[in-house]
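The values are calculated or read from the model by the stated rules, or taken from the named source; none is laboratory data. Just so we're clear, the structure is a prediction, and the values are computed from it rather than from any experiment. Cβ: placed from backbone, ideal geometry, glycine included. Neighbour counts: every protein chain shown.
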Amino acid sequence: MINIVLFGKPGAGKGTQAEFLRTKYNLTHISTGDIFRFNIKNETPLGKEAKSFIDKGELVPDALTIKMLQDEVEKHPGTAGFLFDGFPRTVAQADELDAFIISKGWQITATIGLEADDDVLVARLLERGKTSGRADDQDEALIRNRYQEYNEKTAPLIEYYKKQGKYYSVDGIGSIADITERLSLVIDKLN
Ligand SMILES: Nc1ncnc2c1ncn2[C@@H]1O[C@H](COP(=O)(O)OP(=O)(O)O)[C@@H](O)[C@H]1O
């Protein structure tokens, strides 16, 4: 069992890289952003609740997000491991994830942060917004708000995982293939 948290600011490339890593290491990919978007599209009660926060560039409240994550994990018994993408995003979520994973007799193997400058990332998001249909990528004010949320609530997780000796940083600037290679180098050394 190998459980990896893919970490990074909005636009850092988590989703793109998760696609490759999922296949390469046979992991179950859980993207909280994708699950929220799926629920919003299908107008489920969870989607309706999450939408009001996402539309403002705010984080969805912890209780809702944590419950959703746990439900998703429970859907995959017998998996070789999980690739968490977009979760945890707050210290409370990280605490809950630790407790939940430990209650299953597992552990978080590593947190890998994809690092890049804000200017590069904002440009990437605006570019993505032209084709993704994601409203939160089309408005620079919303993007800035997501960075503020990141800086206040998510950035402290770097120290959180460093203290546990589980934080690995990877340069997120370069070709997609180069970055996959950098991530693979980290993952291959874990076992
Ligand atoms: N773990 C989480 N906790 C709270 N809100 C979340 C979480 N994951 C996703 N969201 C919400 O869904 C939005 C989109 O998520 P995601 O696609 O992962 O974003 P990004 O491209 O900004 O990294 C976030 O801006 C946030 O509102």
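Only one residue in Leu46, Leu6 is more than 8 Å from the ligand (Cβ to nearest atom) and crowded, with 22+ Cβ neighbours inside 10 Å, so which one is that?
Residue meeting the stated conditions: Leu6.
Looking at the stretch 95-112, can you tell me whether even one residue there is assigned to a strand (DSSP E or B), touching a residue at least 60 places away in the same chain (Cβ under 8 Å) and touching a Gly at 6+ places or on another chain (Cβ under 6 Å)?
There is no residue in the stretch 95-112 that is assigned to a strand (DSSP E or B), touching a residue at least 60 places away in the same chain (Cβ under 8 Å) and touching a Gly at 6+ places or on another chain (Cβ under 6 Å).
Residue-by-condition table, conditions (1) at pLDDT 95 or above; (2) under 17 Å from Leu114 (Cβ atoms):
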position: Phe7; (1), (2): yes, yes
position: Gly11; (1), (2): no, yes
position: Phe20; (1), (2): yes, yes
position: Asn26; (1), (2): yes, no
position: Leu64; (1), (2): yes, no
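Taking into account only those residues within the stretch 11-40 that are in a helix (DSSP H, G or I) and away from the ligand (no atom under 13 Å from the Cβ), which is surrounded by the fewest Cβ atoms within 10 Å (Cβ to Cβ)?
Per the stated criteria, the residue is Thr23.
Out of all the residues in the stretch 116-161, which are loosely packed, with under 14 Cβ neighbours inside 10 Å, among the charged types (D, E, K, R) and in a helix (DSSP H, G or I)?
If the condition is that a residue be loosely packed, with under 14 Cβ neighbours inside 10 Å, among the charged types (D, E, K, R) and in a helix (DSSP H, G or I), then Asp119, Glu127, Lys130, Glu140, Arg144, Glu152, Glu159 are the ones that fit.
Among all residue pairs at least 6 apart or on different chains, which show Cβ distances below 8 Å where the first residue, located in the stretch 32-51, is in contact (Cβ under 8 Å) with a residue 40 or more places away in the chain and the second is surrounded by 15 or more Cβ atoms within 10 Å (Cβ to Cβ) and polar (S, T, N, Q)?
Listed pairs, sorted by first residue: Thr32/Thr65.
Kindly provide the set of residues from the stretch 74-94 that are in a loop (DSSP other than H, G, I, E, B), touching a residue at least 40 places away in the same chain (Cβ under 8 Å) and out of contact with any Gly (no Cβ under 6 Å at 6 or more places or on another chain), ordered by number.
His76, Thr79, Ala80, Gly81, Phe87, Pro88, Arg89, Thr90
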